[in-house]
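The values are calculated or read from the model by the stated rules, or taken from the named source; none is laboratory data. Given the structure is predicted, the values throughout are model-derived calculations rather than measurements. So basically every Cβ, Gly included, is an ideal-geometry build from the backbone, and we count neighbours across all protein chains shown. Only protein heavy atoms, including side chains, enter the accessible area calculation; ligands, DNA and RNA are left aside. Shrake-Rupley method; radii C 1.70, N 1.55, O 1.52, S 1.80 Å.
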Amino acid sequence: MLQQFGFTQYESQVYRALITIDQAMDATSIVKRSEVPRSKVYDVLRRLVKKGIVLESTTEKKRLYTALPLHLTIEKLKADFEWNVQALKETKMKETPVDDRVWTLKDNQSIQVSLKNLVQKAGSSIFISAWADDVNAILPFLEEKHHAGLDVTVHVIGEIETIIPNTSTLIPDTEHSKLERSRILIIDQMEMLFAGVEDAEWQAIHTQSRPLVKFFTEFFYHDVALTEITRKYKDTIMNDNEIRDILLKLRY
């Protein structure tokens with residue numbers, strides 16, 4: 001029985017020797033009764049005392065041992081088993097090593113599929129910055145994640161209708177000279193995709209690299225901050241030629 005609970009052969013023999021006699025024994029008697037070698041018995045007794053199924057006492061400079069009664073040992077083993085099962089249930093799965101490589105992706109359709117897949121994969125947060133048509137293409141999934149309790153923050157260039165409260169909208173000015181189409185998606189603060197147009201073709205990078213995720217998260221909030229500042233203080237900004245010229249050159 002004890003070996004089923006991880007006890008060694010020698011530990012089982014020593015416990016059996018102690019439990020089957022109604023008196024305490026010293027190491028010499030235990031060696032004879034258990035047939036455990038003398039060179040091993042003290043180490044075995046030390047382990048059994050530590051495990052709580054053997055009691056020890058020193059009387060007249062002589063160390064004696066006795067076993068925890070069998071019914072108490074069984075109760076202890078059951079309690080240990082239940083505790084271990086509960087601990088196992090609460091043990092988190094090992095984290096998958098972070099893949100900090102930067103992957104490149106081309107083709108607009110492939111990028112859109114990857115955006116949708118990442119949104120569906122998100123478990124705690126989603127930050128997305130894109131033009132209105134791109135956001136609308138995955139808006140049902142974003143709203144579903146919002147309903148599920150995730151932190152969803154949207155920065156959109158153009159107008160959309162959504163129930164997501166954390167939505168920042170930039171209505172492009174006709175004089176925005178650097179306003180280029182791009183997409184930023186960051187999920188769970190650990191994985192991101194950035195896509196932009198190069199030579200009339202969509203290209204993207206996808207990575208879990210912590211420095212890049214952090215950089216694009218800050219870039220995302222840079223966009224949100226500029227949008228909110230522009231919206232709130234537009235008249236003041238547009239009347240200040242110096243600030244207005246700088247703002248209109250920024251790439252959101």
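Relative contact order, whole percent, for the chain stands at 15, derived from Cα pairs under 8 Å and 6 or more residues apart.
Principal axis analysis of the Cα atoms in the stretch 58-110 yields extents of 85, 27, 10 Å, listed in decreasing size. Among beta bridges identified by DSSP and lying wholly in the stretch 66-202, the antiparallel ones come to about 50 percent. Across the chain, where is the longest run that never hits GluC sites (Glu not before Pro) in a DSSP loop with at most 13 other C-beta atoms within 10 Å? Between the exposed loop sites, the longest stretch runs 181-252. Assuming charge only on the beta carbon of Lys and Arg (+1) and of Asp and Glu (-1), the dipole of the stretch 1-112 about its Cα centre is about 460 debye to the nearest 20. Inter-label distance, Thr28 to Lys61: 1.4 nm, where each label sits 7 Å from its Cα along the C-beta direction.
For the chain, the carbon plus sulfur part of the accessible surface works out to 52%, probe radius 1.4 Å. Using every pair of distinct Cα positions in the stretch 93-242, the Kirkwood expression returns a hydrodynamic radius of 16.2 angstrom. Here the dipole of the chain is about 2300 debye; that uses its Cα centre as origin and unit charges on the Cβ of Lys and Arg (positive) and Asp and Glu (negative). In the chain, the DSSP beta bridges split such that about 70 percent are antiparallel, to the nearest 5.
Between the residues Val44, Ala204, Pro172, the greatest Cα displacement towards the positive end of the dipole of the chain, with unit charges on the Cβ of Lys, Arg, Asp and Glu, is found for Val44.
The rule of thumb for compact globular proteins, 2.2 N^0.38 Å, goes into the C-alpha radius of gyration of the stretch 129-218 1.13 times.
The alpha carbon radius of gyration of the chain, expressed as a multiple of 2.2 N^0.38 Å, is 1.89. Where is the GNM fluctuation largest for the chain (alpha-carbon springs, 10 angstrom cutoff): Phe127, Phe81, Phe220? Of Phe127, Phe81, Phe220, the most mobile in the Gaussian network model is Phe81.
The residues of the stretch 8-158 present an accessible area of 65 Å² per residue when probed at 1.4 Å with all protein chains retained. Close amide-amide hydrogen proximity is noted between Trp131 and Ile157, Ser182, each under 5 Å apart and 5 or more residues distant or on a separate chain (H modeled in the peptide plane; Pro and chain starts excluded). Label positions at Arg38 and Asp235, each projected 7 Å from the Cα along the C-beta direction, are separated by 10.2 nm. Ellipticity at 222 nm from helices only: DSSP H runs of n ≥ 4 in the chain, each -39500 (n - 2.57), divided by the residue count, give -15500 deg cm²/dmol.
Karplus-derived 3J(HN,Hα) values for the stretch 65-80, using 6.51 cos²θ - 1.76 cosθ + 1.60 with θ = phi - 60°, are 10, 9, 8, 4, x, 4, 5, 6, 5, 4, 4, 5, 5, 5, 5, 4 Hz; glycine and proline are entered as x. Normalised Debye scattering of the stretch 1-147 at q = 0.09, 0.12, 0.14, 0.15 Å⁻¹ gives log10 I(q)/I(0) of -0.54, -0.64, -0.77, -0.85, counting only Cα atoms as equal scatterers and leaving out solvent.
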